[in-house]
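The next block holds one structure in the form of structure tokens; read it before the comments.
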Amino acid sequence: GFSTSRILGHRSIQGEPVPGTFANDAEVMVIAQALKRAGKGVFQIIPSSTLGPGREGFREHASLEQEIDLIANVSRESGRPATFTLFQIDDWADKWREAITQVKQANRKGANVYPQVGSRPTGLVFGMQTYHLWMLKPTFRKLRDLPLGELLAELRKPEVKQAIFTETNEIDGVPVGSMEFGIAHIEPTFDNLFPLRSDSTYEPSQDESIASLAAESNLSPESVLYDYLVAEPGRMAILFFTNYSEFNLDAVREMQLDSETVTGLSDAGAHVSLIFDAVNPTYQLSYWTRDRSRGQTLPLAHVIHRATRRNAELFGFHDRGLIAPGMRADINVIDYENLGLGELAIHNDLPSGGGRLMQGARGYIATLIDGVITRRHDTDTGARPGRLVRS
């Protein structure tokens, strides 16, 4: 299929919008015609205004309503399914409902559009080993290559904290399109920023936020966040920027139950030291069907269907997603009562020592790919039967 992005936030390392951001309707429809000729594939897009209208000097170029009309036209012209990213955004807390209604109307008129929704908030993870608000402060940059224990000891010194809090960012040589530049210049909403632990539910109450903790201690939110992160190795905090406008996951549940939507948005393989939602399949099964206490759960069969057959059919993999004679044996054997997530930690195993957020899972008795056991009792067997496949 074909995948593209039209939001202003997706930029090159030099800060230039990615190709396709400002493509006009005629250019996009040429892609639709190519999909029609191919007779297969999915059109996938992150629409303009996915994360809201933007701000002064950084306004999105098309409304979400206009984008959905375009996506529906692509689907009708190509005869192929189309899927797009859909979140709840604080600026438009109910816009996602309007979007799904618009999709339903388009699908009744011959389109085949699937809003792609998440199973929890999307969050940016802050930590002193990865990204944080002070990473471009001159004092921090002088200290950042110290071993972690020594670094934290220095950062806990009052005079070091004071220096960091009074300095301006040192941006020489830092590409304006880099994550480092973006995170260091972010203006976080501390109401949506929470301590993050391995056992976090991704549904904290508002009084657990950094803003609430700051109000209780009569300190600034930035000071509370700093002190929390430098107190001991491995501490992290998370800034929710989607799907948490009401400080609960009721809207996510409603999205998950809608017949038009599909489940996705794990960002697995992207932003690996900032987002770690590759754990979403385990989170869906453990939290949404079993552990949620702040509202209603989801039916187990419903969650399994959305994670297997529904997504397989969307992408044209009709030989999997069901346990039935003649189907491909891609199967998880799960100890449901003991299913859960493991420790959240930084693994510095990327090229040049780059780090990534990793969280394991437990409760998988066996994972089979085309009948071959690739994991047994949560341990990799070393078997690699998987291959690149085409829909």
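The values are calculated or read from the model by the stated rules, or taken from the named source; none is laboratory data. These numbers come from a predicted model, not from an experiment. Note that we place each Cβ from the backbone using ideal geometry, even for glycine, and neighbour counts take in every protein chain shown.
Values for this structure:
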item	result
LEU344 outside any helix (DSSP H, G or I), among the hydrophobic types (A, V, I, L, M, F, W, C) and in contact (Cβ under 8 Å) with a residue 60 or more places away in the chain	yes
Enumerated helices (runs of 4 or more DSSP H) restricted to segment 178-264, each holding at least 1 residues that are farther than 30 Å from VAL113 by Cα and hydroxyl-bearing (Ser, Thr, Tyr)	210-217, 221-230
Any chance GLU27 is of a type in the set (D, E, K, R) and touching a Lys or Arg at 6+ places or on another chain (Cβ under 8 Å)	no
Strands (runs of 3 or more DSSP E) contained in segment 24-132 and holding at least 3 residues crowded, with 20+ Cβ neighbours inside 10 Å, modelled with pLDDT under 95 and in contact with a Gly (Cβ under 8 Å, 6 or more places away or on another chain)	none
In segment 36-61, the residues that are over 22 Å from THR261 (Cα atoms) and over 20 Å from the mean Cα position of the chain (by Cα)	LYS36, ARG37, ALA38, GLY39, ARG55, GLU56, GLY57, PHE58, ARG59, GLU60, HIS61
Selected residue (only one of ARG390, ARG306, ARG376 is out of contact with any Cys (no Cβ under 9 Å at 6 or more places or on another chain), charged (D, E, K, R) and closer than 16 Å to PRO281 by Cβ)	ARG306
Scan of segment 327-341 for residues that are touching a Phe, Trp or Tyr at 6+ places or on another chain (Cβ under 9 Å), over 16 Å from ASP199 (Cα atoms), touching a residue at least 40 places away in the same chain (Cβ under 8 Å) and of a type in the set (A, V, I, L, M, F, W, C), ordered by number	ILE334
Segment 155-177, residues that are assigned to a helix (DSSP H, G or I), surrounded by fewer than 16 Cβ atoms within 10 Å (Cβ to Cβ) and not polar (S, T, N, Q)	PRO158, GLU159, ALA163, PHE165
From TYR226, TYR202, residue being modelled with pLDDT of 95 or more and either under 25 Å from GLU154 (Cβ atoms) or in contact with a strand residue (DSSP E or B) (Cβ under 7 Å, 6 or more places away or on another chain) (or both)	TYR226
Long-range neighbours under 6 Å by Cβ, at least six apart or interchain, first residue within 17 Å of LEU133 (Cα to Cα) and among the charged types (D, E, K, R) within segment 152-168, second at pLDDT 95 or above and not in a helix (DSSP H, G or I)	GLU167/LYS137
